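J.: My structure is below; once you've seen it, I'll send some questions.
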Amino acid sequence: MTIISPSLLACNFLDLREVCNMLNESEADWYHLDVMDGRFVPNISFGLPVIEKIRTATDKPCDVHLMIVEPGKYAADFKSAGADHLIVHYEACPHLHRNIQQIKDLGMKAGVAINPHTPVQLLDDILQSIDIVCLMSVNPGFGGQEFIPHSLSKIQALRKRIDQLNLPTIIEVDGGINLDNAGVVVQSGAHALIAGTTIFNAADPKKVIHQLKHS
């Protein structure tokens with residue numbers, strides 16, 4: 001069954017408790033929490049205090065995506081805030097293996113995100129060390145963007161390599177996911193779908209989560 005991870009970047013933060021209650025009652029599997037610093041990406045979102053509060057409102061895994069420079073400086077803080085998975089960007093980590101080991105040593109699942117221009121083959125040397133690959137299907141930094149079609153071939157190539165190596169690595173796809181393309185994204189090899197505006201702009205978010213899960 002497809003993992004659904006709603007991106008809270010798209011929710012109404014004035015109603016955060018209600019949002020968490022809705023997600024807890026829904027078929028959503030994870031909470032996807034985007035942290036942006038205005039340096040690695042041209043936007044600023046939320047940080048540790050918000051994640052700490054969200055952690056108290058759910059038992060579902062918190063999938064924290066760091067779109068920041070020097071993520072290693074803050075890994076322990078995000079563990080303390082309640083992150084279950086910590087995803088860092090390939091493009092932001094000159095010592096990626098060290099970052100992955102740090103995350104695992106802290107007791108979190110380690111994820112690596114790649115931007116649309118980054119070939120999946122660059123992950124080959126560390127694929128056996130990571131739990132999650134977050135394949136960006138839009139340029140990171142803003143919600144509501146259109147899915148980049150070339151992402152499908154990247155998903156296929158990555159899934160083929162993971163299957164060849166018989167790895168349990170999860171492929172999550174982030175950006176532009178909607179009810180029209182979710183099925184083909186899953187068919188291409190994705191295990192998890194991250195969706196923000198598609199869910200939170202809907203009249204019935206729980207129904208959309210259900211539809212995405214059964215795409």
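J.: Go through the stretch 172-185 and count every residue that is surrounded by fewer than 21 Cβ atoms within 10 Å (Cβ to Cβ) and either acidic (Asp, Glu) or under 14 Å from CYS134 (Cα atoms) (or both).
T.: Residues flagged as surrounded by fewer than 21 Cβ atoms within 10 Å (Cβ to Cβ) and either acidic (Asp, Glu) or under 14 Å from CYS134 (Cα atoms) (or both) within the stretch 172-185 amount to 1.
J.: Just to be sure before I move on: is LEU23 part of a strand (DSSP E or B) and either β-branched (Val, Ile, Thr) or crowded, with 16+ Cβ neighbours inside 10 Å (or both) in the structure I sent? Let's see the steps before the verdict.
T.: Details: part of a strand (DSSP E or B): no; either β-branched (Val, Ile, Thr) or crowded, with 16+ Cβ neighbours inside 10 Å (or both): yes.
No: the conditions fail for LEU23.
J.: Give the residues of the stretch 138-154 that are at pLDDT below 95 and of a type in the set (S, T, N, Q), sorted by residue number.
T.: Those that are at pLDDT below 95 and of a type in the set (S, T, N, Q): ASN139, GLN145.
J.: Within the stretch 31-46, can you find the residues that are without any contact (Cβ under 8 Å) to a residue 40 or more places away in the chain, under 18 Å from GLY143 (Cβ atoms) and surrounded by fewer than 18 Cβ atoms within 10 Å (Cβ to Cβ)?
T.: Once the filter is applied, which keeps residues that are without any contact (Cβ under 8 Å) to a residue 40 or more places away in the chain, under 18 Å from GLY143 (Cβ atoms) and surrounded by fewer than 18 Cβ atoms within 10 Å (Cβ to Cβ), the stretch 31-46 yields GLY38, ILE44, PHE46.
J.: Filter the stretch 187-205 down to the residues that are outside any loop (DSSP other than H, G, I, E, B) and under 20 Å from PRO149 (Cβ atoms) and list them by number.
T.: Within the stretch 187-205, GLN187, SER188, ALA192, LEU193, ILE194, ALA195, THR197, THR198 meet the criteria.
J.: Which condition number does SER215 fail, the rest of (1) out of contact with any strand residue (DSSP E or B) (no Cβ under 7 Å at 6 or more places or on another chain); (2) at pLDDT 95 or above; (3) not charged (D, E, K, R) being met?
T.: That leaves (2) as the condition not met.
J.: Pick from the stretch 5-20 the residues that are under 23 Å from TYR90 (Cα atoms) and of a type in the set (A, V, I, L, M): which of them is surrounded by the fewest Cβ atoms within 10 Å (Cβ to Cβ)?
T.: Taking the stretch 5-20 first, the residues under 23 Å from TYR90 (Cα atoms) are 5-9.
Cutting the leftovers down to of a type in the set (A, V, I, L, M) gives us 8-9.
Working: LEU8: 25, LEU9: 22.
It comes out as LEU9.
J.: Does ILE100 meet the test of being surrounded by fewer than 22 Cβ atoms within 10 Å (Cβ to Cβ), on the phi < 0 side of the Ramachandran plot, touching a residue at least 40 places away in the same chain (Cβ under 8 Å) and among the hydrophobic types (A, V, I, L, M, F, W, C)? Break it down stepwise before answering.
T.: On the way: surrounded by fewer than 22 Cβ atoms within 10 Å (Cβ to Cβ): yes; on the phi < 0 side of the Ramachandran plot: yes; touching a residue at least 40 places away in the same chain (Cβ under 8 Å): no; among the hydrophobic types (A, V, I, L, M, F, W, C): yes.
No; evaluated as a whole, the condition is false for this residue.
J.: Also, quick follow-up: Sort out which residues of the stretch 183-198 are touching a residue at least 40 places away in the same chain (Cβ under 8 Å) and touching a Lys or Arg at 6+ places or on another chain (Cβ under 9 Å), and write them in order of number.
T.: Listed by number, the residues that qualify are ALA190, HIS191, LEU193.
J.: Please indicate, with yes or no, whether at least one residue in the stretch 118-129 is surrounded by fewer than 15 Cβ atoms within 10 Å (Cβ to Cβ), modelled with pLDDT of 95 or more and more than 20 Å from LEU165 (Cβ to Cβ).
T.: The answer is no, given that none of the residues of the stretch 118-129 is surrounded by fewer than 15 Cβ atoms within 10 Å (Cβ to Cβ), modelled with pLDDT of 95 or more and more than 20 Å from LEU165 (Cβ to Cβ).
J.: Kindly indicate the residue of the stretch 133-154 that is touching a residue at least 60 places away in the same chain (Cβ under 8 Å) and either in contact with a helix residue (DSSP H, G or I) (Cβ under 8 Å, 6 or more places away or on another chain) or in a helix (DSSP H, G or I) (or both) and also farthest from GLU91 (Cα to Cα) among those meeting that condition. Talk me through it step by step, then tell me what you get.
T.: The first filter runs over the stretch 133-154 and keeps only residues touching a residue at least 60 places away in the same chain (Cβ under 8 Å), leaving 134, 140-144.
Checking the rest, the ones that are also either in contact with a helix residue (DSSP H, G or I) (Cβ under 8 Å, 6 or more places away or on another chain) or in a helix (DSSP H, G or I) (or both) come to 143-144.
On the way: GLY143: 20, GLY144: 22 Å.
Restricting to residues being touching a residue at least 60 places away in the same chain (Cβ under 8 Å) and either in contact with a helix residue (DSSP H, G or I) (Cβ under 8 Å, 6 or more places away or on another chain) or in a helix (DSSP H, G or I) (or both), the top hit is GLY144.
The values are calculated or read from the model by the stated rules, or taken from the named source; none is laboratory data. In this text, all values refer to a predicted model and were calculated from it rather than measured experimentally. Neighbour counts are summed over all protein chains in view; Cβ atoms, including those assigned to glycine, are modelled from backbone coordinates with ideal geometry.
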